[in-house]
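Novice: First the structure, then my questions, so here it is.
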Amino acid sequence: MREHQADFEARGAKVAAIGLGDARYAAQFREETGIQFPLLIDAHRQAYRSVGLKSANLLHLFRSDNGVARKRAQKGGFRQHRTGKNPFQLGGSFVFGPGNLDRYAHISQTFGDNAPVEALLAALP
């Protein structure tokens, strides 16, 4: 998302991330990744549960789609950051609109299963 933040903001959107760690972990993550958008902390996974995000298990490490995502990330110059509070918590990507409107939801099925940026941008008005 860091590389596309300006694209979202040009369309009037705000970008934010939610993480599981504590404030120290969030500060380290922000420093390592260089993100400029808000990074919120959800130490008790309340937001994760409220939107139905899933958890992975050890078998996910061997899934072929996870291997493809890992190779794509490595090729793009990305690396694994320090493991957080719950390394098996899977993520999601959401676009919310004004007036309590859910415009787009992507719930990750395995590690590296991220919503296409094009789909997120297309969900904006």
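Novice: If I model the range 2-122 as equal point scatterers sitting on the Cα atoms and use the Debye formula, what is log10 I(q)/I(0) at q = 0.16, 0.18, 0.22 Å⁻¹?
Specialist: One equal scatterer on each Cα of the range 2-122 leads to -0.90, -1.18, -1.73.
Novice: Sort 114-120, 11-17, 96-102 by the packing proxy (mean of other Cβ within 10 Å over each peptide's residues), most packed first. Mind showing how you got there, number by number?
Specialist: Details: 114-120: 14.7, 11-17: 13.1, 96-102: 9.3.
Output ranking for 114-120, 11-17, 96-102: 114-120, 11-17, 96-102.
Novice: Now for a different question. Between residue 22 and residue 71, how high is the FRET efficiency from 1/(1 + (r/R0)^6) when r is the Cβ-Cβ distance and R₀ = 41 Å? Nearest 0.05. Could the numbers behind the result be given before it?
Specialist: Working: r = 31 Å, r/R0 = 0.76.
Working from the Cβ atoms, E equals 0.85.
Novice: May I ask you to derive the relative contact order of the chain, considering only C-alpha pairs under 8 Å and at least 6 residues apart, and to give it as an integer percent?
Specialist: 24 percent.
Novice: Looking only at the chain, where both bridge partners belong to it, what percent of the DSSP beta bridges are antiparallel (to the nearest 5)?
Specialist: Details: 7 of 10 bridges.
Just about 70 percent of them are antiparallel.
Just so you know, all these numbers are worked out from the coordinates, no wet-lab data involved. This one's a predicted model, so the numbers in the text were calculated from it and none came from an experiment. When we count neighbours, we look across all protein chains shown, and the Cβ atoms used for this are built from the backbone with ideal geometry, even at glycine.
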